[in-house]
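Following: one structure in C-alpha cells, then a few remarks.
The values are calculated or read from the model by the stated rules, or taken from the named source; none is laboratory data. Everything numeric in this text was worked out from a predicted model, so none of it was measured. Cβ placement follows ideal geometry from the backbone for every residue including glycine, while neighbour counts extend to all protein chains displayed.
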Amino acid sequence: MPHPIDDVIRQRRTSKPLRDTARCDEAAPCHAEVAAALPELIETAGYAPFHKLAHESHRQDGLAAVVPWRFYALDKPTCCRLLRHLEAQAVAHPHSKWSQAWDSKIPKLLAGSSALVMVTWLPDPAPTGSLPLLDENNIEHLAAASAAVQNLLLAATARGWHNYWSTGGILRDADVFALLGIATNQLLLGAIFLAHPDAPLDAVEGGSLREKRGTPADWSRWVALS
Ligand SMILES: Cc1cc2nc3c(=O)[nH]c(=O)nc-3n(C[C@H](O)[C@H](O)[C@H](O)COP(=O)(O)O)c2cc1C
C-alpha cells in the first residue's frame, strides 16, 4: 500500500509548459499565486541532505550558506524580460548561439512558465581553465544539490504545478549568468520551469524517457550474504 509521500513521488513527471513566444502573458493572476508560494517551496527544497561544506569562495554575494547549492528565482515578469532579451540578442546576432537558442524550446518555456528557478551547484575551485574534478567532495556537492532540486519538483507536484527540470540550453551560458547576476564559479544543475495549472499554455510535453525506466527488477536486487 503506497504511503501518501509515495503518491507524490510517483505523480511527479516532466511537464513542459509551452507557449507562443509572442504571448508571454504577465497579467494572468495565476502566475502571481506561484510567485507568492515559491519562497515556501524553496525553503522546503532546502531540507535536502548535504554532507560537505561549500568552499568559502562561494560564500559571497549575500548568499553565505554552507550548502552546496544556490537557487535563483525569476517571476513571470522577469521570465518575459529574459525572453525579450533572448529575442533581441537573436535578432542582433544571426547565426550565433543566440539565434540557435531562439529556435530551441527555452523561449517557449519562458513564455509558458509562471516562474523559473535556476539551480546551481557549487564545485570546489578547479585549476584555471579546467572542469571541476569528479572527486568525493564534488560528487557529494552535486548529489546534495540534486536532492534539493528533486525536493522542489515534489513540492511543485504536490501543488499540482507543471514542473520541468531542464539542462538549460542558453541559460547555462556565461552571458546569461552575468545578466542574472549569478557567479560563474557556480554551475547550472537545472533550469526548473514551473507553471500554475491554470497558466495559459499552447502545449504541455512530457519527458521522452518516462516509460523507459524499467521496473525495480531491472535496476535493483537484494544482496544476500551467507
Ligand atoms: C539532470 C536532468 C536534466 C534534464 N534535462 C532535460 C533537458 O534538457 N531536456 C529534456 O527534454 N528533458 C530533460 N530532463 C527530463 C528528462 O528527460 C525526464 O526526466 C525523463 O524523460 C523521464 O521523464 P519523467 O521526468 O516524466 O519521469 C532532465 C532531467 C534531469 C534529471
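Any residue at all in the stretch 28-36 that's touching a Pro at 6+ places or on another chain (Cβ under 6 Å) and in a helix (DSSP H, G or I)? No, because not a single residue in the stretch 28-36 is touching a Pro at 6+ places or on another chain (Cβ under 6 Å) and in a helix (DSSP H, G or I).
A single entry from Arg23, Arg10, Arg19 fulfils the requirement of being within 16 Å of the ligand (Cβ to nearest atom) and more than 20 Å from Val119 (Cα to Cα): Arg10. The condition of being within 29 Å of Ala32 (Cα to Cα) and β-branched (Val, Ile, Thr) holds for Val119.
Every test in (1) in contact (Cβ under 8 Å) with a residue 40 or more places away in the chain; (2) closer than 27 Å to Leu38 by Cβ; (3) exposed (fewer than 15 other Cβ atoms within 10 Å of the Cβ) is passed by Pro125 save one, and that test is (2). The residues of the stretch 110-164 that are over 12 Å from the mean Cα position of the chain (by Cα) and in a strand (DSSP E or B) amount to a single one, His162.
Figure legend. Inter-residue proximity from the stretch 166-190: first residues more than 18 Å from Asn138 (Cα to Cα), second residues part of a loop (DSSP other than H, G, I, E, B) and modelled with pLDDT under 95, beta-carbon distance below 7 Å, spacing 6+ or different chains. Indicated pairs: Ala174/Thr184; Phe177/Thr184.
Against the condition part of a helix (DSSP H, G or I) and away from the ligand (no atom under 16 Å from the Cβ), how does Leu53 come out, does it pass? Considered against the rule, which asks whether it is part of a helix (DSSP H, G or I) and away from the ligand (no atom under 16 Å from the Cβ), Leu53 comes out as no. Among residues belonging to the stretch 153-175 that are touching a strand residue (DSSP E or B) at 6+ places or on another chain (Cβ under 6 Å) and of a type in the set (A, V, I, L, M, F, W, C), point out the one that is nearest to the ligand (Cβ to nearest atom). Ranking the candidates gives Trp165 first. Here Tyr72 does not fit the description of being farther than 23 Å from Ala199 by Cβ and either of a type outside the set (Gly, Ala, Ser) or in a loop (DSSP other than H, G, I, E, B) (or both). In the stretch 119-126, is there at least one residue being closer than 22 Å to Ile9 by Cα and of a type in the set (Gly, Ala, Ser)? There is no residue in the stretch 119-126 that is closer than 22 Å to Ile9 by Cα and of a type in the set (Gly, Ala, Ser).
Scanning the stretch 176-215 for residues that are in a helix (DSSP H, G or I), more than 15 Å from the ligand (Cβ to nearest atom) and exposed (fewer than 12 other Cβ atoms within 10 Å of the Cβ) turns up just one, Ala178.
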